[in-house]
Amino acid sequence: MSALTDLEERYKIGQAIFEQLFKLSDADLKAKLLELLDGEDNDVLNNKCSCKRLIEDEVPSEIKFWFHDGIEVDWTGITMVSEHGRENRVVKFNKNFKL
């Protein structure tokens with residue numbers, strides 16, 4: 001399998017998972033992320049954070065929750081972003097991931 005084929009397959013799997021999350025309301029999405037991030041720093045989701053959803057060329061591409069620090073969700077998974085820019089991918093979307 002070539003690197004391009006592998007990337008395309010990972011994108012297809014990750015994007016399908018991401019689009020399921022994108023369809024949820026803000027409240028339901030927060031609840032699901034709290035469940036998925038069990039044990040992680042959840043100050044972002046436990047406070048009154050803003051939610052931004054990005055659609056590019058009619059395809060959902062990113063969700064961001066921010067309250068000083070942030071949580072970003074895209075086809076690759078869930079990433080915690082500190083207020084000062086440090087990123088840490090805490091959940092990776094792959095064929096073994098289940099919502």
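I'm trying to understand the selection: among the residues of the stretch 72-99, which are of a type outside the set (A, V, I, L, M) and either assigned to a strand (DSSP E or B) or at positive phi (or both)? It would help to see each step written out before you state the result.
Taking the stretch 72-99 as the starting set, the residues that turn out to be of a type outside the set (A, V, I, L, M) are 72, 74-77, 79, 82-89, 92-98.
Within the stretch 72-99, Glu72, Asp74, Gly77, Thr79, Gly85, Glu87, Asn88, Arg89, Lys92 qualify.
I'd like to check something: does the stretch 58-71 contain any residue that is over 15 Å from the mean Cα position of the chain (by Cα) and either in a helix (DSSP H, G or I) or surrounded by 13 or more Cβ atoms within 10 Å (Cβ to Cβ) (or both)? Yes, because at least one residue in the stretch 58-71 is over 15 Å from the mean Cα position of the chain (by Cα) and either in a helix (DSSP H, G or I) or surrounded by 13 or more Cβ atoms within 10 Å (Cβ to Cβ) (or both). A search for C-beta distances below 6 Å between a residue of the stretch 69-83 that is closer than 20 Å to Lys95 by Cα and any residue that is not in a strand (DSSP E or B), counting only pairs 6+ apart in sequence or on different chains, returns Trp75/Tyr11; Trp75/Gly14; Trp75/Gln15; Trp75/Phe18; Thr76/Gly14; Gly77/Phe93.
Of all residues in the stretch 1-25, those satisfying the criterion of being under 13 Å from the mean Cα position of the chain (by Cα) and assigned to a helix (DSSP H, G or I) are Gly14, Gln15, Ala16, Ile17, Phe18, Glu19, Gln20, Leu21, Phe22.
Considering only the stretch 1-40, state which residues are over 23 Å from Lys52 (Cα atoms) and surrounded by fewer than 16 Cβ atoms within 10 Å (Cβ to Cβ).
Going residue by residue through the stretch 1-40, those that are over 23 Å from Lys52 (Cα atoms) are 1-10, 39.
Answer for the stretch 1-40, where residues must be over 23 Å from Lys52 (Cα atoms) and surrounded by fewer than 16 Cβ atoms within 10 Å (Cβ to Cβ): Met1, Ser2, Ala3, Leu4, Thr5, Asp6, Leu7, Glu8, Glu9, Gly39.
Just so you know, all these numbers are worked out from the coordinates, no wet-lab data involved. Since the structure is predicted, the reported quantities are computational estimates derived from the model, not experimental observations. Neighbour counts are summed over all protein chains in view; Cβ atoms, including those assigned to glycine, are modelled from backbone coordinates with ideal geometry.
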